[in-house]
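Trainee: Dropping the structure in here first, questions after.
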Amino acid sequence: MSPRPARRRVAVVGTGAIVTGSHLPALRAHADRTELVAAVDVDPARLDAFRAEAGADVAGYTSTGDMLDAVRPDLVLIGTPPSLHREQTVAALKAGAWVLCEKPLCLSLAEYDDIAAAEEASGAYASVVFQHRYGSGAAHARHLLASGELGAPLVAHCQTTWHRDAAYYAVPWRGRWSTEGGGPTMGHGIHQYDLLLHLLGPWSEVRAMASRLVHDTESEDVSTALVRFENGALATVVNSVLSPDEVSRVRVDCADATVELTHMYGHRNDDWTYTPARHVAPERAAAWRTPAADVPSSHTAQLGAVLDAWDAGARPPGSGPDARATLEFAAALYKAAFTGRPVLAGEIASGDPFHTAMHGGHPDWAPEERA
Ligand SMILES: NC(=O)c1ccc[n+]([C@@H]2O[C@H](COP(=O)([O-])OP(=O)(O)OC[C@H]3O[C@@H](n4cnc5c(N)ncnc54)[C@H](O)[C@@H]3O)[C@@H](O)[C@H]2O)c1
């Protein structure tokens, strides 16, 4: 019998809401495979509160560089505001650590190139947190779609209709291109369209609109898009923080069935429904029921997948081309919205203003142009 792999020494960077509320429980759930050894925050009060909550012997630092030099962790979990992700991810990779970083992984495709170069140089990997890909319901739906069991995918809807008030946008890093990277396209709907891309595969063309209707923000507070996928399916995508009746939904109409996920911030098997077309025999449709194991979508499920990849010596899910694809979709949506033209997959290359920033330097949206 091969020996059990050693527990990975883990550090967290940023000890705010998501790290305390989701990464810490994930580490506890995987305590047989991980050991939390260090935490970093520039705010000493938040750092102390986190260390008290973590309840173990967790070293505290106010600088990521100091922590990396002193601790040399195996894995770094990053939950800081988005503008810090690129720099902290690159620093952790250079120190030889694997990274699991909160969404969005970085603010632009140009920033992603820096992360890819650091991965290449270090041999370590950086994954982005998209917890809704993980969990049994999503894995099962992806398998049924990919195997052709539901028939050809034809029409899809991807809806993030959430509500955020002025107090939410009073937090200084929110609603600004330089710190959040964008509005609900980058910050909220990105979870749902990441799942849509995970289910339907590569897209080929995006048309879009974006507006700032309510909030006093630099970035948009609503965006909508029409998407054509390589497999021929057509989809609508809505990213809103203006919707009093809140819901997260992904629905795919295939030739033989509609598969639909309705949830808010996380799903279980029961949140997925399969509606057979009239020509489908009941016994065939019965076999689509979600699996007996009910793994909720969660940071715990994604951390488990990263640790599994590590033990197998493989690139972790949510890293590399997987992470880039979602960021490219965001850039394409913004470019289509701000230029009023369709955007084709692969067209946003180095030198394109939407490669450098999601606002693409557009005079109505770029902060330096509007000032
Ligand atoms: N996956 C999800 O479902 C989900 C949900 C909410 C937020 N998020 C993401 O998590 C990230 C953090 O969001 P949050 O709501 O936890 O924010 P937060 O403001 O509660 O926490 C951020 C923490 O980072 C600390 N920080 C700031 N600068 C730092 C630095 N240079 N070094 C170390 N620490 C620093 C802050 O002091 C704060 O404690 C964002 O990218 C956000 O989009 C993801």
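Trainee: Taking segment 123-194 on its own, what percent of its Cα-Cα pair distances exceed 15 Å?
Mentor: Values: 1802 of 2556 pairs.
Taking all Cα-Cα pairs of segment 123-194, the fraction more than 15 Å apart is 71 percent.
Trainee: What's the magnitude of the charge dipole for segment 273-371 around its Cα centre, counting Lys and Arg as +1 and Asp and Glu as -1 at the beta-carbon? Answer in Debye, nearest 20. Present the calculation step by step, with values, prior to reporting the outcome.
Mentor: Numbers: 8 positive and 11 negative charges, 82 e Å.
My answer is approximately 400 debye.
Trainee: Can you give the net charge of the other residues whose Cβ lies under 12 Å from the Cβ of residue 23, counting K and R as +1 and D and E as -1?
Mentor: Charge balance in the 12 Å sphere: -1.
Trainee: Counting only DSSP beta bridges with both residues in the chain, tell me the antiparallel percent, nearest 5. Working shown, then result.
Mentor: On the way: 38 of 65 bridges.
If I count the DSSP bridges inside the chain, around 60 percent turn out antiparallel.
Trainee: Once fully extended, how much extra length lies between residue 245 and residue 287, figured as 0.36 nm per residue of separation less the alpha-carbon to alpha-carbon distance? Don't jump to the answer; show the numbers that get you there.
Mentor: Details: separation 42, 0.36 × 42 = 15.12 nm, distance 3.31 nm.
The residue 245-residue 287 span can extend by a further 11.8 nm.
Trainee: Helix-only mean residue ellipticity at 222 nm, the chain, DSSP H runs n ≥ 4 weighted -39,500 (n - 2.57), per residue, nearest 500. What is it? Display every interim value, and only then the final one.
Mentor: Working: 14 runs with 126 residues, N = 371.
The per-residue figure over the chain is -9500 deg cm²/dmol.
Trainee: Compute the signed sum of charges (Lys and Arg +1, Asp and Glu -1) over the other residues within less than 10 Å, Cβ to Cβ, of residue 342.
Mentor: Numbers: positive: 207, 228, 335, 341; negative: 205, 347.
Net charge in that neighbourhood comes out at +2.
Trainee: Which of the three applies to segment 1-117, rounded, prolate or oblate, going by the alpha-carbon gyration tensor with a ≥ b ≥ c and a/c under 1.5 meaning rounded? Intermediate results must be reported in sequence, preceding the final value.
Mentor: Values: a/c = 1.65, a/b = 1.17, b/c = 1.40.
It comes out oblate by the Cα gyration axes.
Trainee: Would you please name the GluC sites (Glu not before Pro) within segment 223-280 that are DSSP coil residues with at most 15 other C-beta atoms within 10 Å of their C-beta?
Mentor: Numbers: sites: 230, 246, 260; in loops: 230.
Here the sparse-neighbourhood loop sites are 230.
Trainee: Could you list 101, 106 so that the one with the fewest beta carbons within 10 Å of its beta carbon is first and the one with the most is last?
Mentor: Working: 101 29, 106 26.
So the residues, fewest neighbours to most, are 106, 101.
Trainee: Which value, in debye to the nearest 20, describes the size of the charge dipole of the chain about its Cα centre when Lys and Arg Cβ atoms bear +1, Asp and Glu Cβ atoms bear -1, and nothing else is charged? Don't jump to the answer; show the numbers that get you there.
Mentor: Numbers: 31 positive and 45 negative charges, 130 e Å.
With Lys and Arg at +1 and Asp and Glu at -1, about 620 debye.
Trainee: Please give the length that would be gained between residue 7 and residue 157 if that part of the chain were fully extended, namely 0.36 nm times their separation in residues minus their C-alpha to C-alpha distance (nm, one decimal).
Mentor: Values: separation 150, 0.36 × 150 = 54.00 nm, distance 4.13 nm.
Additional length available on full extension: 49.9 nm.
Trainee: Take the alpha carbon gyration tensor of the chain, find the square roots of its eigenvalues, order them as a ≥ b ≥ c, and report rounded if a/c is under 1.5; if not, report prolate when a/b exceeds b/c, else oblate.
Mentor: oblate
Trainee: Can you check what the net charge comes to around residue 243, using other residues whose Cβ is under 15 Å from the Cβ of residue 243 (Lys, Arg +1; Asp, Glu -1)? Don't skip to the answer; put the middle values down first.
Mentor: Numbers: positive: 164, 249; negative: 165, 220, 221, 245, 246.
With Lys, Arg at +1 and Asp, Glu at -1, the net is -3.
Here, each number is a calculation from the coordinates, and none is a lab measurement. No experiment lies behind these values; they were computed from the predicted model shown. Here Cβ is always computed from backbone atoms with ideal geometry, including for glycine, and neighbour counts include all displayed protein chains.
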